[in-house]
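The values are calculated or read from the model by the stated rules, or taken from the named source; none is laboratory data. Just so we're clear, the structure is a prediction, and the values are computed from it rather than from any experiment. Note that we place each Cβ from the backbone using ideal geometry, even for glycine, and neighbour counts take in every protein chain shown. Note: areas computed on protein heavy atoms with side chains; ligands, DNA, RNA excluded. Shrake-Rupley method; radii C 1.70, N 1.55, O 1.52, S 1.80 Å.
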Amino acid sequence: MLGGKSILLGISGGIAAYKSAELVRALRAEGCGVQAVMTRAATRFITPLTLASLTGKKVITDLFSDASDEDTLHSAIAHIDAAQQSDLLLVAPATADILAKFALGLADDFLSTAHLAFEGPLVLAPAMNTVMWDHPATRYNLMALRARGARIVEPSVGELACGTVGAGRLADPELIVESVREALRCSADLQGECVLITAGPTREALDPVRYISNRSSGRMGFALADAAARRGARVIVVAGPVSLPTPNGCQRVDVEDAQQMHDAVMDRLPEATIIVMAAAVADYRPVSAASRKLKKRDGLPLVELEETPDILKAVARRKGNRLLIGFAAETDDLESNARRKLESKGCDWVVANPVGGATGFESDVNQGLLLSATGEAVRVEPMKKARMAARILDVTARARTRTAA
């Protein structure tokens, strides 16, 4: 995947800078070229000679390099040259300082200047003290960078150099390389597609106060929306009642109950080329909701239920050559129940998720099994929902290419 690709590797000044040597080896093993750029502070933690030996290239450490050195990018506009000659900009470790510079568009050294001149995929692997990582300023800068399309490789949790235990350790090199691989593979493979996504739960009113619902947080659907938009798609999110920010570049339609979600999906179906039904729609609703709050003193109410609209099946009947992906949240017999849903609902793919443990509903981690109507099966180990969204869209993009062909 990375063979022949050119990576501009920025190394900023933190104790994790020593790990950049291992990262260079991993990138080189993937077959790509690496041009290292070090901030002045980074040279206090690892020498440029070490990285030059591993990359086979002169390491850039200053905005104004020595023009007498033939191995140095010594053009007066070297930061432009470096940006134009690279397929991807990776910063690992990315300190709080460099994140702030990138977020604000500051340019006072080679790395920050090259960032402003670079138009390709950006991957940032932060590493810092836990308190710095959790600081509102850092969180704000990360939000701004994500909104512009940067991929953030979240730091791991463990013991830090300062003795603190918490989030802030540089992610493992294999995770960083995987993010680089995904960024290069996925930069625009959904360009021209319109992806319609449902997310979150629905609420079916019992009375003006109470409702029937489920534990869905909407995070998986919103992760899919964010990832699809980053990959060039026009994205419409039909969202049940969730308190999540709208992913950058996505159109959002808020609904409350299953009937509203059904109507919103059907209204927008003609625009869509890919439909991802990630919402956890309540299967039942009261035949009639009470007009005022039910009182305990009135005794136990008798609630008659009826089925809600089957949105997935309704979409399948009208999908034409669109790609339809359903979700199945299961507590037992994951694969058999998912295959039953795949066949009965008329989906092209079903994403089956086990729920009830540490993954799935109310968690930022998910896992599952992707099953296709043609017999394909892709197992996904536990991972952050953002990463799982990327895996699902990898499958989606390939399937859509086959469908279009």
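Can you give the relative contact order of the chain as a percent, counting alpha carbon pairs under 8 Å and 6+ residues apart?
On the way: 840 pairs, mean separation 42.1, N = 405.
Relative contact order for the chain comes out at 10 percent.
With every protein chain kept in the model, how would you rank Cys194, Cys162 by accessible area, 1.4 Å probe, largest at the top? Walk me through the intermediate numbers first.
Details: Cys194 5, Cys162 85 Å².
Order by accessible area, largest first: Cys162, Cys194.
Around Arg139, under 14 Å between beta carbons, what's the net of Lys plus Arg minus Asp minus Glu among the other residues? Spell out each step's value before the answer.
Working: positive: Arg146; negative: Asp134, Glu154.
Surrounding charge for Arg139 is -1.
What's the FRET efficiency of Glu22 with Leu104 using the Cβ-Cβ distance as r and R₀ = 30 Å, to the nearest 0.05? Could the numbers behind the result be given before it?
Values: r = 30 Å, r/R0 = 1.01.
After rounding, the FRET efficiency stands at 0.50.
Any idea of Lys5's accessible area? Nearest 10 Å², probe 1.4 Å.
Accessible area of Lys5: about 70 Å².
Within segment 187-209, list the residues whose amide N lies under 12 Å from a label point set 7 Å along Cα→Cβ of Gln259.
In segment 187-209, the label zone of Gln259 (backbone N under 12 Å from the point 7 Å along Cα→Cβ) covers 204-205.
Distance between the C-alpha centers of segment 149-163 and segment 22-46? Whole Å please.
Using only Cα atoms to place each centre, the spacing works out to 18 Å.
Please report how far the C-alpha centroid of segment 192-253 lies from that of segment 270-343, rounded to the nearest whole angstrom.
15
With everything on Cα atoms, drop me the angle between helix 173-185 and the longest principal axis of the chain, reported from 0 to 90° to the nearest 10.
70
Percent of Cα-Cα pairs more than 40 Å apart in the chain, please.
Values: 22263 of 81810 pairs.
So the portion of pairs separated by more than 40 Å is 27 percent.
With Cβ to Cβ distances under 14 Å as the rule, what net charge do the other residues near Ser86 carry (K, R +1; D, E -1)? Let's see the in-between values first.
Details: positive: Lys5, Lys57; negative: Asp81, Asp87, Glu119.
Residues near Ser86 contribute -1 overall.
Near Lys5, which lysines are there with a Cα under 17 Å away, not counting those fewer than 8 places off in the same chain?
Lys57
Could you pull the accessible area for Met261 with a 1.4 Å probe, rounded to 10 Å²?
Ignoring ligands and nucleic acids, Met261 comes out at about 0 Å².
Give me the percent relative contact order of segment 248-405, please, defined on Cα pairs under 8 angstrom at least 6 residues apart. Please report the intermediate quantities before stating the final value.
Details: 196 pairs, mean separation 25.3, N = 158.
Once normalised by length, the contact order is 16 percent.
Carbon and sulfur: what percent of the chain's accessible surface (1.4 Å probe)?
Numbers: 9560 of 19280 Å².
Of the solvent-accessible surface of the chain, carbon and sulfur hold 50 percent.
Rounded, prolate or oblate: pick one for segment 281-367, where a ≥ b ≥ c are the square roots of the eigenvalues of its C-alpha gyration tensor, a/c under 1.5 means rounded, and failing that, prolate if a/b is larger than b/c, else oblate. Walk me through the numbers before you get to the answer.
Numbers: a/c = 2.83, a/b = 1.58, b/c = 1.79.
Oblate, since a/c reaches 1.5 and b/c is not below a/b.
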